[in-house]
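I have placed the structure first, in the form of structure tokens, so that the comments after it can refer back to it.
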Amino acid sequence: MKGFQNVKVVNMIAGEDLRGDVYEALIVENDSGVAKVIKGAATGTALVIGVLAEEPRTDVTTDGLTVPVALIGAGGIGLMKAGGTITAGEIVISYGGTTPGRVEGLAAIGNLADDGYAFGIALETAADGDIFPVLWQVVTGPHGA
């Protein structure tokens, strides 16, 4: 897990083919009573739990196989894939664009939407598609009435 520091990694069942999606954000879906990880939706309220920690096998689909997931809630420094320009020091949130699994930055915690949350703080500036380090610290926005 090159680039990860003090991060907890667990194996979880993939609910879709995750080849080529290393360092992209993952959420949990219910697949007939079994929790499986899929790329985080570009929109929606699903909680991102972690990132795909390393590139899985490329010769077969990962759907239904176990994959390594680095857990955001455990803290540490993890790698993530940018969905747009992110500036070092910005808080990191789920990407609102069309590429599931990528993340974007916000200049301030006060910019979080009601009931929104951030994963942590960008430690380097990144452009769309770049892999960059994030100090993982979950922060929630204001709670709506």
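Here are a few things to note about the model shown:
- Considering Ala74, Ala127, Ala82, the condition of being under 16 Å from Gly20 (Cα atoms), small (Gly, Ala, Ser) and in contact (Cβ under 8 Å) with a residue 40 or more places away in the chain is satisfied by Ala82 alone.
Residue-by-condition table, conditions (1) over 17 Å from Val51 (Cβ atoms); (2) open to solvent by 50 Å² or more (accessible area, probe 1.4 Å); (3) not charged (D, E, K, R):
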residue	(1), (2), (3)
Thr98	yes, yes, yes
Val103	no, no, yes
Ile109	yes, yes, yes
Ala118	no, no, yes
Ala122	no, no, yes
Phe132	no, no, yes
Leu135	no, yes, yes
Thr140	yes, yes, yes
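- Residue check, Ala145 exposed (fewer than 12 other Cβ atoms within 10 Å of the Cβ), modelled with pLDDT of 85 or more and hydrophobic (A, V, I, L, M, F, W, C): no
Quick grid of which residues meet (1) closer than 22 Å to Ala122 by Cα; (2) loosely packed, with under 14 Cβ neighbours inside 10 Å:
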site: Val9; (1), (2): yes, no
site: Arg19; (1), (2): no, no
site: Ile27; (1), (2): yes, no
site: Thr58; (1), (2): no, yes
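- Test: residue in the range 62-78 that is open to solvent by 30 Å² or more (accessible area, probe 1.4 Å), farther than 22 Å from Asp115 by Cα, of a type in the set (Ser, Thr, Tyr) and assigned to a loop (DSSP other than H, G, I, E, B): no
The values are calculated or read from the model by the stated rules, or taken from the named source; none is laboratory data. What you see is a predicted model; the values in this text were computed from it and never measured. Cβ: placed from backbone, ideal geometry, glycine included. Neighbour counts: every protein chain shown. Side chains included, ligands, DNA and RNA excluded: accessible areas come from the protein's heavy atoms. Shrake-Rupley method; radii C 1.70, N 1.55, O 1.52, S 1.80 Å.
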